[in-house]
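The values are calculated or read from the model by the stated rules, or taken from the named source; none is laboratory data. Note that the structure is predicted; figures quoted are calculated from it, not measured. Cβ: placed from backbone, ideal geometry, glycine included. Neighbour counts: every protein chain shown. These accessible areas exclude ligands, DNA and RNA; they are computed on the full protein's heavy atoms, side chains included. Shrake-Rupley method; radii C 1.70, N 1.55, O 1.52, S 1.80 Å.
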Amino acid sequence: MASHAERGMSAPPEVVFNTATDPDRSSAWLPEALRRAGTHRVEIIDDEDMRARWSSDSAGWSADIDVEPADAGGARVRLDLSGTDHGMADEILASLAREVADNLTAG
C-alpha cells in the first residue's frame, strides 16, 4: 500500500526538482526514519518530465516524486510513498518545501 501527497511550491519547477534529486541535500528533507533505514539512492526516471525515485532496497521503501510547472512560475509536487510509515508523505513534502525555500534564500 502506498500513500500520496501533493503540494504547491513557490519556486520554479527546475529548482524544486534539482533540490529533490541532489543526494547531498537528502539529509535536509528525507525524514530521519528513512535515512537511518539503510542506504538510500536517487534515480532520475525522466529528467525532462522531472520524475525521480528515492529508494532503499535494504529497507524496502521508495518515494516517487513528480514535479510539474504551476501558476505564477511555481511548481506542483506529487509524492507516492511505499514500503514505510505512510503518514510521512506530507512530512516529506513539507521538509522538501523548506529546503527549496532555504535554497532560494541562500542563492
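Brief remarks follow.
- Qualifying residue in segment 94-103 (condition: touching a Lys or Arg at 6+ places or on another chain (Cβ under 6 Å) and among the β-branched types (Val, Ile, Thr)): no
- Taking (1) at pLDDT 80 or above; (2) farther than 15 Å from Ala2 by Cα; (3) in a helix (DSSP H, G or I) in turn, Val77 satisfies each apart from (3).
- Segment 22-54 - residue that is in contact (Cβ under 8 Å) with a residue 40 or more places away in the chain and in contact with a strand residue (DSSP E or B) (Cβ under 8 Å, 6 or more places away or on another chain) and, of those, most open to solvent (accessible area, probe 1.4 Å): Ala37
- You will find that of Asp64, Asp57, the residue that is within 11 Å of Ala20 (Cα to Cα) and surrounded by fewer than 20 Cβ atoms within 10 Å (Cβ to Cβ) is Asp64 and no other.
- Every residue from segment 4-18 that is touching a Leu at 6+ places or on another chain (Cβ under 7 Å) and open to solvent by less than 70 Å² (accessible area, probe 1.4 Å): Ala5, Ala11, Val15
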